[in-house]
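Any read-out appearing in this document is the output of simple, stated calculations on the displayed coordinates, not a laboratory observation. It should be emphasised that the depicted structure is a prediction, and the values quoted were computed from it without experimental measurement. So basically every Cβ, Gly included, is an ideal-geometry build from the backbone, and we count neighbours across all protein chains shown.
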Amino acid sequence: MARTRRTPASLTAPQHDAAPARPTHSSALDGARRGRELDALAARTAPIDVLVIGGGVTGAGVALDAASRGLSVVLAEAQDLAFGTSRWSSKLVHGGLRYLATGDLAVARESADERHLLMTRIAPHLVRSLPQLLPFAPSVSTRQRVFGTIGMGLGDGLRMLARTPTSVLAHPRLVGPDEALRLAPALRRDRLRGGVIAHDGQLVDDARLVVALARTAAAYGATVLTRVRVSDADGGGATLVDALGGGSLRVDARAVVNAAGVWAGTLDPDIRMRPSRGTHLVLDAAALGNPSAALTVPHPGSISRFVFALPQQLGRVVVGLTDEDAPGPVPDVPRPGHDEIDFLLCTVSTALERPLGRDDVLGAFSGLRPLIDTGADGSTADLSRRHHVAVSASGFVNVLGGKLTTYRAMARDAVDLACRHARLPDSGCRTARLPLIGAPGSEVGFASASDAVASGSSGSAGRASTTAAGRHDGDAEVPASLVARFGAEAPTVLALARCAGPDLPIVPGLDVTRAEVEFAVRAEGALDADDVLDRRTRIGLVDADRARAEAAVAEIVTASLAHLA
């Protein structure tokens, strides 16, 4: 990658890669593969089919959709996978109830359909059913109780329309005070009249979904490049600048998909974004009595907006979220406002026995929603979450707006349009029936299919089998938290580890194993300790946890990178 190369105009006639019947590449992303693929791009004389700009959930989804259709794909991300908005969500895969309240029936139905696919086919290992409790506490008005109960019933109607079975998402039901307190022990007891419970989908981690998408795309042949900045982009390609090696190369493409989220306007001057900031607080679950259900507290006077207290991995509860206009330059890492923190604490405390204060806050984070500026006045909360896919005057296939739950539909529409616009051969979208790595039935493994055949292994490449008891070959125990984060690939995470004590926590009190840190470097594209702390694991959400774990993480990362060199 020492010098700039541009594909000669005489070599831009369509030359399409053959469509694979199944994934034939390793899913493992690491620094060595990154270097090889940059070299291969520099040597390539034919244009690629699809260049995807942006490594969030939408960009990774586009890369997987296009690669699984047999198209040649390069994904370029300036920072790291899930560096932007995709890691700052509430981690809910929700069925669109909020959009029913605003009358956006199309988005509500699409959300329910996409939730169904994620929970039953695509990533059931990463998404669980989360009970959500609307308490009938004194602070919740009769009107809010009535409309909340009706809304949860309508949400169940969306579940039925999507054909999601009750074994996956149970019917909503009324509960008494005793059960409400069992599910959410921190509730205010005085005059508590029980509540109503509904169920929605919850990701174990939003960033982990992005990594799984990117690795699955890589198994279908996509080139996934992080720390690669894009310059001089247009509808026919872009210059890729290696932020690590310093070289650059021009990549010509028949279609360029702009999936840069809140940064999309920096690529295409035709785009006008109006980002809104959503802030969350991170609390110790013990401060809320270690709840097993999410607490749903209405905004004062509202029947359609809520503050949620959501149980998370690593013994945390996340309280969110806000919806504030965020004009001006887009920061790499948005910062919560003091007013937002106070609002969240005050609102959720109206339903609690002990009000929460600043001392209860272990961490806070904000994300920017990539909303389209329609020119309308009013709150960003009123802007549609419907996604927008179109070819701009500059020739980009822009995929804008939307939300995490509907990433697959956004990606499908973007690739459909790219195929029409660039006259690419289109075998049709298959992602509705394509399980991600780690999911039951996935054909994707750590090693390639050819590697598995050469070694005489049977079944999917590089995968160890996991039984219902959560054990792998040799009856070695696989921690439940590892299975929750990696699904069927959990035994592989342990089996491949070279570090000492692979099943031990990285530091006492943190439910992240040493093997996971090594695996992040060897298989998940982590290039430094920050990638591991802030995105492959979510240790970095709490500054104190980050400080405790940083040295141990850095030691394993350094050793793992040395092995790959």
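Mean separation of Cα pairs under 8 Å and 6+ residues apart, divided by the residue count of the chain: what relative contact order is that in percent?
Across the chain, relative contact order equals 20 percent.
In debye to the nearest 20, how big a dipole does the stretch 249-408 give about its Cα centre with +1 on each Lys and Arg Cβ and -1 on each Asp and Glu Cβ?
I would put it at about 580 debye.
Along the positive direction of the dipole of the stretch 297-355 (beta-carbon charges: Lys, Arg +1; Asp, Glu -1; about the Cα centre), which of ILE341, HIS299, PRO355 reaches farthest?
Towards the positive end, the residue furthest out is PRO355.
May I ask you to sort HIS299, HIS421, HIS338 by Cβ crowding, counting other Cβ atoms within 10 Å and putting the fewest first?
The order, fewest Cβ neighbours first, is HIS338, HIS299, HIS421.
Along the charge dipole of the chain, Cβ charges K/R +1 and D/E -1, which of VAL262, GLY95, ALA184 sits furthest on the positive end?
Towards the positive end, the residue furthest out is GLY95.
With an 8 Å cut-off on Cα pairs and a minimum separation of 6 or more residues, tell me the relative contact order of the stretch 473-551 in percent.
19
Taking the dipole about the Cα centre of the chain, with the C-beta of Lys and Arg at +1 and of Asp and Glu at -1, give me whichever of THR164, GLY56, MET119 is farthest to the positive side.
Final value for the positive-end residue is THR164.
Please report ASP252, ASP360, ASP325 as a ranked list, fewest other C-beta atoms within 10 angstrom at the top and most at the bottom.
With the fewest neighbours first, ASP252, ASP360, ASP325 line up as ASP325, ASP360, ASP252.
For the chain, give the magnitude of the charge dipole about the Cα centre (Cβ charges: +1 Lys/Arg, -1 Asp/Glu; no others), in debye to the nearest 20.
I would put it at about 1080 debye.
I'd like the Karplus ³J(HN,Hα) series for the stretch 254-271: coefficients 6.51, -1.76, 1.60, θ = phi - 60°, whole numbers in Hz, and an x wherever there's a Gly or Pro.
The phi angles translate into 6, 9, 10, 9, 8, 10, 7, x, 5, 8, 4, x, 6, 8, 10, x, 7, 8 Hz.
What's the center-to-center distance, using Cα atoms, between the stretch 108-165 and the stretch 184-249 in Å?
So the separation of the two Cα centres works out to 22 Å.
Roughly what would the spin-label model give for GLU555 and ASP426, points 7 Å off Cα along C-beta, in nm?
Each label point is offset 7 Å from its Cα along the Cβ direction, giving 5.4 nm.
In terms of modelled amide H atoms, which long-range or inter-chain residues lie less than 5 Å from the amide H of ARG188?
Residues meeting the amide H criterion: LEU352, GLU353.
Okay, helix-only estimate at 222 nm for the chain: each DSSP H run of n ≥ 4 adds -39500 (n - 2.57), divide by all residues, round to 500 deg cm²/dmol; what do you get?
Here the helix-only value at 222 nm equals -9000 deg cm²/dmol.
I need CYS429, CYS346 ordered by Cβ neighbour count within 10 Å, fewest first.
CYS346, CYS429
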